[in-house]
Amino acid sequence: MTLILFLLLSFAPAQQTDLCIIGSPLQNQYVAQFNKPVLTEDETFLRKFREFQAKQSLIETVGDALEANPFRGLTPKFRLPSVKNKQHISKNLIECSLRRVPIISTTKKICENTDSDLLEPKNLEFYTEETPCVTQSMVDYIHWGFNEALRCFSNDLDEVGRLIIYKKINLESSFGFFFQSINGTGVAQVIPKDIQEMLKEGYLGHKFLKTHIEKNPTKCDSFSDLFKKDILINSDQKIPQCQFISMGDGIGRSYLAGVALYIYYRSYHPASAEKILSYLGIPKSNSVQYRNMRSLLALGMYNKGPGTVWDSVKFHFQENELLRKYKKSPQHAYNKLRQKISNTSFYVYITELENIYDKTVDRKGRCLLPQPQQQVVKNQYK
């Protein structure tokens, strides 16, 4: 059997060269992190991806070799197992997003350190004007990681919810995991306050997330080891940002905090979007209008926090004000909610999120942004 496998693999197609699809080849620090031969214990998320990729690659290679080998009639037939990452959001959407200039495009950070270095800075992090190189294989990683986060919360996210989270990331970072804005960091642009809420022991958000991962061990498997490690905070109470940017665990940690935060604000926070709808007299249901109103408020909380959204709602509405209107016509209640909050700061954010998405892909999900020239865009985000 070993001889047969050797012969089959001998006919496998060769891999192609992995070039930058965006960014400067000179800023190749993240490429080096991604391709390093031996991973440390601080790089559990990248290790999960390599395990997934190795299984998938072996199965695909053996399958291709079975089709191509000249001894096909002499070898036994067997069914190959399936190893797939369910694509809630397609790779095409991720790659398309990487082509656009996000709203936080001013600061790009290079992190050459791992978690173990973070409490003792060693000049291993700095800012750059040039866009770091992102290869096709790294896009595979970014795509896999995002869908793993969606899979972890698949019981709480329908197609609309998954697309909302994509739209948020598309607006803020365009899946550029190396961005650091004034507040937000990494691919999901989570701010320090929310980072502690979701990932620091002792907070309600952390308790929610811990319970969720424990109840969904299979779906959340890629994040289980990562989540067990508490985030690091320096002596001056600042959170080292590279633990949300680096290739090893940074991308996974940012995805986990970002997706979990949306679910938490929407349904589980003490002042959640569902609590607001209850205040307005709207009973929880699975109707399209209820889900749209809930998403509208949750996005506002994502942008400005629960307190700001609650203050705006209480300023514009009396308790149970939408009860009759919702019973008569859920769509009219939804329209009334949008109308009354249309002058708030978080509503501007929501409309921008929708506008940018409409400029990124068409109604059929096809990319509207041009392919980068010569496979390399040195200063795409300048």
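A short reminder: the numbers here are calculations on the coordinates, not readings from a lab. Note that the structure is a prediction, hence the values are computed from the model and not measured. We place every Cβ from the backbone using ideal geometry, glycine too, and count neighbours over all the protein chains shown.
Which residues among the range 211-247 fall inside the zone where the amide N is under 14 Å from a point 7 Å beyond the Cα of Val38, along Cα→Cβ? Residues passing the 14 Å test: none. Annotation: amide H-H contacts under 5 Å for Ser24 (H modelled 1.01 Å from N, sequence separation of 5 or more, or interchain): Thr131, Cys133. The Asn286 and Asn320 beta-carbon pair, evaluated with R₀ = 25 Å, returns a calculated FRET efficiency of approximately 0.70.
Using the count of nearby Cβ atoms within 10 Å as a rough guide to exposure, how do Glu159, Glu43, Glu274, Glu319 rank from fewest to most?
Numbers: Glu159 8, Glu43 23, Glu274 19, Glu319 11.
Ordered from fewest to most neighbouring Cβ atoms within 10 Å, Glu159, Glu43, Glu274, Glu319 come out as Glu159, Glu319, Glu274, Glu43.
Centre-to-centre separation between the Cα atoms of the range 324-370 and those of the range 141-156: 24 Å. Near Val361, the amide H atoms lying under 5 Å from its own belong to Leu368; only residues 5 or more places off or on other chains count, and H is placed 1.01 Å from N.
Using a simple spin-label model with pseudo-atoms 7 Å out from Cα toward Cβ, Glu159 and Cys367 lie 2.3 nm apart.
Compute the orientation-averaged projected area for the range 270-370 from the convex hull of its Cα atoms and round it to one decimal in nm².
On the way: hull surface 28.7 nm².
The Cα convex hull of the range 270-370, projected and averaged over all directions, gives 7.2 nm².
Note on the range 273-287 and the range 222-269: Cα centroid distance 29 Å, given to the nearest whole angstrom. For Gly281, the residues whose amide H sits under 5 Å from its own are Asn320, ignoring neighbours fewer than 5 places away on the same chain, with H placed 1.01 Å from N. Applied to the range 41-46, the Karplus parametrisation 6.51 cos²θ - 1.76 cosθ + 1.60 on θ = phi - 60° returns per-residue 3J(HN,Hα) values of 5, 8, 10, 6, 5, 5 Hz, with x for Gly and Pro.
Can you give the local net charge around Ile169? Use residues other than it whose beta-carbon is closer than 12 angstrom to its beta-carbon, Lys and Arg +1, Asp and Glu -1.
Details: positive: Arg100, Arg162, Lys167, Lys168; negative: Glu172.
Here the count lands on +3.
Taken one residue at a time, the phi angles of the range 89-96 give Karplus couplings (6.51, -1.76, 1.60, θ = phi - 60°) of 10, 6, 5, 4, 5, 5, 5, 5 Hz. Gly and Pro are set to x. At an R0 of 25 angstrom, the distance between the Cβ atoms of Asp230 and Glu112 translates into a FRET efficiency of 0.65. Couplings for the range 244-254, taken from phi via the Karplus curve 6.51 cos²θ - 1.76 cosθ + 1.60 with θ = phi - 60°, read 10, 10, 4, 5, x, 10, x, 5, x, 5, 5 Hz in order; Gly and Pro are left as x. Pairs of Cα atoms in the range 159-307 fall into 5 Å distance bins, from 0 up to the last occupied one, in shares of 2, 9, 19, 21, 21, 16, 7, 4, 1, 0 percent.
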